[in-house]
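Scroll down for the structure; my scribbles are underneath it.
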Amino acid sequence: MTSRYPEPTSISSLRAVAAAATRCRACDLWKTGTQTVFGQGPRDARLMFIGEQPGDAEDKQGEPFVGPAGRLLDEALEAAGIDRTSVYVTNAVKHFKWRPKGKRRVHEKPDRTEIRPCQHWLELELRLVKPDLVVALGATAAQALLGPSFRVTAERGKLRSSPLAPRVVATVHPSSILRAPDDASRRTDMSAFVRDLRTVKKLLG
């Protein structure tokens with residue numbers, strides 16, 4: 001019988017931990033997700049970005065932030081002067097939660113019974129990468145790190161501390177910018193997002 005939390009062959013290797021995560025059965029999302037989508041980036045990254053969960057493109061490709069929200073994140077990082085190849089990107093939940101809508105797979109927000117079990121893998125990522133600063137993208141990631149009462153709208157861009165990471169900044173998830181109702185709103189939201197990332201760059205030194 002497969003353990004809910006399979007032991008990695010080495011707790012000092014991101015590759016080994018990622019391989020172990022593919023066998024995780026701690027919640028039921030593995031049954032509907034195409035594959036586990038683990039974090040990606042340099043082992044010595046000073047900056048880690050944590051999103052909510054993989055989307056449709058990420059679920060198919062097996063890599064985080066490669067869909068529309070990932071492309072917007074790339075654009076914002078470039079505008080803020082942060083090299084995407086130098087950062088580690090991951091998600092609070094490692095499987096895509098979705099519901100069918102015609103021929104499409106539509107994102108569904110993960111609940112606490114799916115977020116809490118996946119914290120095991122997030123803790124291992126944080127322990128191995130040891131980033132100087134963590135950026136929580138959106139409410140799910142922020143609350144996983146800073147508690148269920150945390151509100152991104154009230155606290156975005158401010159330096160906070162978490163038991164999982166001593167220095168955390170929360171901002172919106174780039175997917176929220178894509179959902180803006182019109183072009184003017186998207187430009188405004190994007191400017192605010194880039195401003196948060198410039199704050200992150202300053203905090204990183």
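Among the numbered criteria (1) closer than 20 Å to Ala142 by Cα; (2) at pLDDT 95 or above, which one does Thr113 miss? The one condition Thr113 does not meet is (2).
From the list Glu123, Glu155, which one is closer than 24 Å to Thr36 by Cβ and of a type in the set (Asp, Glu)? Criteria check complete, one pass: Glu123.
Residues that are under 13 Å from Pro174 (Cβ atoms), at pLDDT 95 or above and open to solvent by less than 50 Å² (accessible area, probe 1.4 Å) occur at least once in region 125-135. Against the condition touching a residue at least 12 places away in the same chain (Cβ under 8 Å), over 29 Å from Thr188 (Cβ atoms) and buried (at least 16 other Cβ atoms within 10 Å of the Cβ), how does Pro117 come out, does it pass? For Pro117, the condition - touching a residue at least 12 places away in the same chain (Cβ under 8 Å), over 29 Å from Thr188 (Cβ atoms) and buried (at least 16 other Cβ atoms within 10 Å of the Cβ) - is met.
Looking across region 154-190, just one residue is among the hydroxyl-bearing types (Ser, Thr, Tyr), touching a helix residue (DSSP H, G or I) at 6+ places or on another chain (Cβ under 9 Å) and open to solvent by 50 Å² or more (accessible area, probe 1.4 Å), and that is Ser161. Within region 65-112, the set of residues being open to solvent by less than 40 Å² (accessible area, probe 1.4 Å), of a type outside the set (S, T, N, Q) and under 17 Å from Trp30 (Cβ atoms) comprises Ala92, Val93, Lys94, His95, Phe96, Lys97, Pro110. Could you list all residues from region 14-58 that are surrounded by fewer than 16 Cβ atoms within 10 Å (Cβ to Cβ) and touching a Leu at 6+ places or on another chain (Cβ under 8 Å)? Within region 14-58, Arg43, Arg46 meet the criteria. Scanning region 191-205 for residues that are closer than 10 Å to Ala79 by Cβ and open to solvent by less than 40 Å² (accessible area, probe 1.4 Å) turns up Phe193, Val194, Leu197.
The values are calculated or read from the model by the stated rules, or taken from the named source; none is laboratory data. The structure presented is a predicted model; accordingly, all values stated were derived computationally and were not measured. Ideal geometry is used to build each Cβ from the backbone, glycine not excepted, and the neighbour counts take in all protein chains shown. Accessible surface areas use protein heavy atoms only, side chains included; no ligands, DNA or RNA. Shrake-Rupley method; radii C 1.70, N 1.55, O 1.52, S 1.80 Å.
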